[in-house]
1. For a distance above 30 Å, tell me the whole-number percent of Cα pairs in the stretch 19-343 that qualify.
2. From the phi angles alone, apply the Karplus equation (6.51, -1.76, 1.60; θ = phi - 60°) to the stretch 88-93 and give each ³J(HN,Hα) in whole Hz, x where the residue is Gly or Pro.
3. So for the stretch 185-308, Kirkwood radius off the Cα pairs, Stokes-Einstein at 4 °C and 1.567 mPa s: how many µm² s⁻¹?
4. Post the alpha-carbon centroid distance, the stretch 167-231 to the stretch 277-350, in whole angstrom.
5. Only Lys, Arg, Asp and Glu count, each charged at its Cβ (+1, +1, -1, -1), so figure out the dipole size of the chain about its Cα centre, rounded to 20 debye.
6. How large are Rg and Dmax for the stretch 20-117 when only the alpha carbon atoms are used, in Å?
7. So who's got an amide H within less than 5 Å of the one on MET279, skipping anything under 5 residues away but keeping other chains? H placed 1.01 Å off N, in plane.
8. Determine, for LEU199, LEU105, the number of other Cβ atoms within 10 Å of each Cβ, and report the residues in order from fewest to most.
Amino acid sequence: MDPFEMHPTDKGSMKNNNLVADVVVGLQFGDEGKGKVTHQLARNGNYTHVVRFNGGCNAGHTIYHEGKKFVTHHIPAGVFYGIRSVIGPGCVVNPKQLFKEIKELESGGINVREHLKIAANAHVITDFHIAEDSRDEDIGTTKTGNGPAYRDKYARRGVMAIEIPELEDMIVDMYTEIHDNYDFDRVEILCEGAQGFGLDIDWGEYPFVTSSHCTTSGVIANGIPHSAIRDVWGVAKVYETYVGAKDFEDGDDEVFAQIRKAGSEFGATTGRPRQVSWMSIDMIKKSIKINGANKVVFNKADILDEVGAWCIYDGMDAHEFSSAEDMEQWISHEIDEPEILIFSRSPEEI
């Protein structure tokens, strides 16, 4: 028998039609507005699960829900709509921060405990990790213990969530949750990424990177097969921001200061002012290709409208534009128009 008949290579024949996943990833250095995009997709979609697939409390997602502002660090956006929300095995969890976050959301009227789950094999951030991280000044981390927690995970001396008694009632087996879940006829997952391509441990600007996989590859490491992925939403801003130790800003400090003020560019986790620069089209192109993004959202277009300045880096060259329309047309041409391309001018809606 022909071996290719025994093992069909047609993608459709290998696909589990009872499992589908959409992914939200950052195309820059984090802080692109992924939380907003995830929140709206969770509201409008038919998802059974929202899964955080990387990072920990070092990343903050700002979400506006029913007129209230919430900042989440660990908790997936699905809790806002009563969707089963899982902190995946690619994440690291600080139990103290998690319970603080649960309390804050519940005080805002969000029913968290009924819907929040944690993968048994997610790893835990300890007080030791935080103390160690706080002594690091070279990389400019958020001092939340993420790096040391991931290090201990890969050194095979970490602590898993299943070992923490306080987390016991939230623990789930990730394989059963995704592949053997009899609560749902069809499992539809929205995968919520943290940080962004420029901070990815493999693809970011090393050593000024985070310790987790921020690209679509991180989704697969959480037990979701590549064949289940339907759409990848790449999220960026029409300018760039960065929080960390490396020098990032250049050019017109006055314009960047105006953008920082108008865009409220201060870290959701640290409160530190974000460095501001013009968007790099080269990074956007590279990030779209490596993530396989077929839908792209550029946030904060309204901020450049307010400041009245539009510019993009193309390699070492700075392209200035006379209007937002001119800039957006140029971007559309440069990135070969994905299936969906949106320039958002709202903090609450795509």
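1. Result: 31 percent of Cα pairs exceed 30 Å.
2. Each residue of the stretch 88-93 in turn: x, x, x, 9, 10, 10 Hz.
3. 81 µm²/s
4. 26 Å
5. Computed about the Cα centre, the dipole is about 1060 debye.
6. That works out to 12.3, 34 Å for Rg and Dmax.
7. GLU240, TYR313
8. So the ranking, lowest neighbour count to highest, is LEU105, LEU199.
Any read-out appearing in this document is the output of simple, stated calculations on the displayed coordinates, not a laboratory observation. Since we're looking at a predicted model, the values are computed, not measured. FYI the Cβ positions are ideal-geometry reconstructions off the backbone, even for glycines, and counts take in every protein chain you see.
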